[in-house]
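Below is one structure, written out as structure tokens; comments come after it.
The values are calculated or read from the model by the stated rules, or taken from the named source; none is laboratory data. None of the values given here were measured: they were computed from a predicted structure. Positions of Cβ are backbone-derived with ideal geometry, glycine not excepted, and every protein chain shown enters the neighbour counts.
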Amino acid sequence: MTTTEPDARGGAGELKLAGDFAKPDMDQWRDAVAKVLNRGRPEDKQLSGEQAVARLRTTTVDGIEIEPIYTLADAPEQLGVPGVAPFTRGATVRNGEMDAWDVRVLHEDGDAAFTRQAVLADLERGATSVWLRLDEDAIKVADLETCLADVLLDLVAVEVSSRSDQAAAAEALLAFYAKSDKPVADLSPVLGLDPIGVAALQGTTPELGGLGEWVSKLAEMPKGRAIVVDATIWHNAGAGDVHELAYALATGVEYVRALVEQGVSVDDAFDTISFRVSASVDQFATIARLRALRTCWAKIGETFGASEAKRGAIQHAVTSWREITRDDPYVNMLRGTMSTFAAAVGGAEAVTVLPFDTAWGLPGDFSRRIARNTQVVLAEESNIGRVNDPAGGSWYVETLTTKLAEAAWTVLGKIEAAGGMAKAVVDGLATSELEPVIAERAKRLANRKKPITGVSEFPNPTEKAISFKPRPEAPEYKGLAWKRDSEVFEGLREAAVTNPDAKVFLACIGTRRDFGAREGFASNYFHVAGLTTPEAEGTDAEQLAAAFKESGAKVACLCSSPKVYAELALPVAKALKEAGAETVLLAGNIKETGDASQAEGVIDGTVAMGMDVVSTLGDILDTLGASK
């Protein structure tokens, strides 16, 4: 890269920003990677450059391979521009204003008077639109008018959704809008109709008849949209980025086809459909998935013959419910921030941040304020919304966008070949496609290759529960099962909470420099299940055994260095067994004791990186008599 600067005589000279440095090549980079990874490896086990790079290569739960480095060779031939087909870089163009996206707040509290005040507070303090869920365990249909009594409908879009009766929710919203004295051209109702999505939740057969009638009811409100393809229901049911994207596309195709058959023009069909998508803490995957959805939807629009201007996919991003944790809930603020950043950079037209206490119950004033201000701070102080597609041109993001689009297009083709998305829901194809993804994610959660901060990593077993307003009991749906990633760990902790024997004694052998690292690892390991970790340190086996007996624990874990283990691990383990330890574990590798055969029957297992903590901690809880 070069630029021009004045030379000593005041004229323009050429400045080489790279100076006289030689241009590195990929072989040099591979050698440098190998040099780092080969440190400490035996001579006969040294990695080549290619082998070292392979160690840095990762694969997502849905099989997308991520390279450790990308180069100019990975750049797209045409970068494109926002607001222009194929809309990869944005379906709409941001003009530099701070309100670059719609700050949409979700309300589910069935107390109509409370919700009315909460809606008004949100709108006065940064929110720009409202989303109401109308169900028996949320806001009642009959209370919609009360909840929206203070909303200026010409300034604020209102969206409704329902998991039980979408038609009733849509009718209630239309009836409320019918009473407005505002110009109809300024009104922006979002009816939230998604018959395939609600059928997947309820375990029923999707009914697409009558969709065209809903579109006609919005004929005089060009800003309104009747249909929302809700991809978050698949995300919450375990879908990865590929299947969430593919199912959104397949559902949208099904709706366009049904609308056209019912007399709606292709352009009007595309005009009435928007997408509700998840935003996760994997910010690059979220950014790429939103970009890929626009790319694919534009291609679908071209296939259907929609006008080019109508092919842009309008997206409402919602921070991931599946990633919200019950334990250490304040970390959810960080998750919400990362997810919102990704949604904004990915070009979502609207964003909803779920409050950090969502897993506990209905949000309070504080958690709603934090959720709302997460967006406001990012938009107005971080200025994220002033830039169109800031990730565009990144070799990594562009490659990931293409890979997600191609993988989702393959799944879309499979669904179409099987008869379409509605049939895939009824026949079980849609759920069976998710099974390997869910299994792979569960494996990575259990061995902590996919860590959850505050839950499976750095947990606080003594944290106090937060105050919250309980949610009404939800009806039982017979379709998709939603599950948060942290639930398996929360189950372990619940088993330990009421058990006075929920403790593991740490026998720290030697001095702090000997056992410090393993002690820190082991305590963090056991705290995942809410187990307390009384401990003692020293080199005298009998003193350590006496401390163990005094602690009242049934399980002990040795913590020290390989050098100390070789001399003292077995004597200490035997002393602990004689003192009544039902299980003795070792933090590290059993080979470090010097003779693994002699450790049999004395040391019952190990705790180490990469182990299935869910299984191991479950076994410990069984030993302690706790019911998982």
The residue that is surrounded by the fewest Cβ atoms within 10 Å (Cβ to Cβ), considering only those in segment 194-220 that are part of a loop (DSSP other than H, G, I, E, B) and of a type in the set (A, V, I, L, M), is ALA219
Within segment 48-61, the count of residues that are part of a loop (DSSP other than H, G, I, E, B) and at pLDDT below 95 comes to 1
Is segment 513-520 home to any residue that is among the basic types (Lys, Arg), assigned to a helix (DSSP H, G or I) and within 23 Å of ASN447 (Cβ to Cβ)?
yes
Among the residues of segment 84-123, the number that are closer than 15 Å to ALA350 by Cα, among the hydroxyl-bearing types (Ser, Thr, Tyr) and touching a helix residue (DSSP H, G or I) at 6+ places or on another chain (Cβ under 8 Å) is 0
Residue count, segment 161-210, condition over 17 Å from SER129 (Cα atoms) and among the polar types (S, T, N, Q), comes to 6
Note: among ALA344, ALA313, just one is hydrophobic (A, V, I, L, M, F, W, C), in contact (Cβ under 8 Å) with a residue 12 or more places away in the chain and farther than 19 Å from GLU380 by Cα, namely ALA313
The residue that is farthest from PHE489 (Cα to Cα), considering only those in segment 332-391 that are among the acidic types (Asp, Glu) and assigned to a helix (DSSP H, G or I), is GLU380
Scanning segment 508-559 for residues that are within 40 Å of the chain's Cα centre (by Cα) and basic (Lys, Arg), the one surrounded by the fewest Cβ atoms within 10 Å (Cβ to Cβ) turns out to be ARG513
When segment 481-518 is checked residue by residue, the ones that are touching an Asp or Glu at 6+ places or on another chain (Cβ under 8 Å), closer than 29 Å to ILE324 by Cα and not polar (S, T, N, Q) are ARG484, ASP485, PHE489, GLU490, ARG493
Checked pairs for segment 25-39, first under 12 Å from VAL53 (Cβ atoms) and assigned by TED's automatic domain parsing to the domain that holds GLY49, second of a type in the set (A, V, I, L, M, F, W, C) and not in a helix (DSSP H, G or I), C-beta under 6 Å and 6 or more apart or across chains, list as ALA34/LEU47; LEU37/LEU47
Selection from segment 256-273 of residues in a helix (DSSP H, G or I) and either farther than 18 Å from GLY413 by Cβ or not assigned by TED's automatic domain parsing to the domain that holds ASN236 (or both) yields ALA258, LEU259, VAL260, GLU261, VAL266, ASP267, ASP268, ALA269, PHE270, ASP271, THR272
If we ask which residues in segment 175-193 are touching a Lys or Arg at 6+ places or on another chain (Cβ under 8 Å) and either farther than 18 Å from VAL229 by Cα or not in a strand (DSSP E or B) (or both), their number turns out to be 4
Flagged pairs (Cβ under 6 angstrom, 6 or more apart or on separate chains; first in segment 146-174, free of Cβ contacts under 8 Å to residues at least 40 places away in the same chain and farther than 16 Å from LEU218 by Cβ; second of a type outside the set (Asp, Glu) and buried (at least 23 other Cβ atoms within 10 Å of the Cβ)) are SER162/LEU134; SER162/ALA169
Expected single match for in a helix (DSSP H, G or I) and under 22 Å from the mean Cα position of the chain (by Cα) among ARG448, ARG441 is ARG441
Screening ALA599, ALA546, ALA608 for residues that are in contact with a helix residue (DSSP H, G or I) (Cβ under 7 Å, 6 or more places away or on another chain) and among the small types (Gly, Ala, Ser) leaves only ALA599
### Query
Is there a residue being crowded, with 23+ Cβ neighbours inside 10 Å, touching a Lys or Arg at 6+ places or on another chain (Cβ under 8 Å) and more than 30 Å from GLU67 (Cα to Cα) anywhere in segment 251-266?
no
Screening GLU381, GLU406, GLU398 for residues that are surrounded by fewer than 16 Cβ atoms within 10 Å (Cβ to Cβ), closer than 26 Å to THR58 by Cα and charged (D, E, K, R) leaves only GLU406
Flagged in segment 274-313 as more than 13 Å from LEU249 (Cα to Cα) and part of a strand (DSSP E or B), in numbering order, are SER278, ALA279
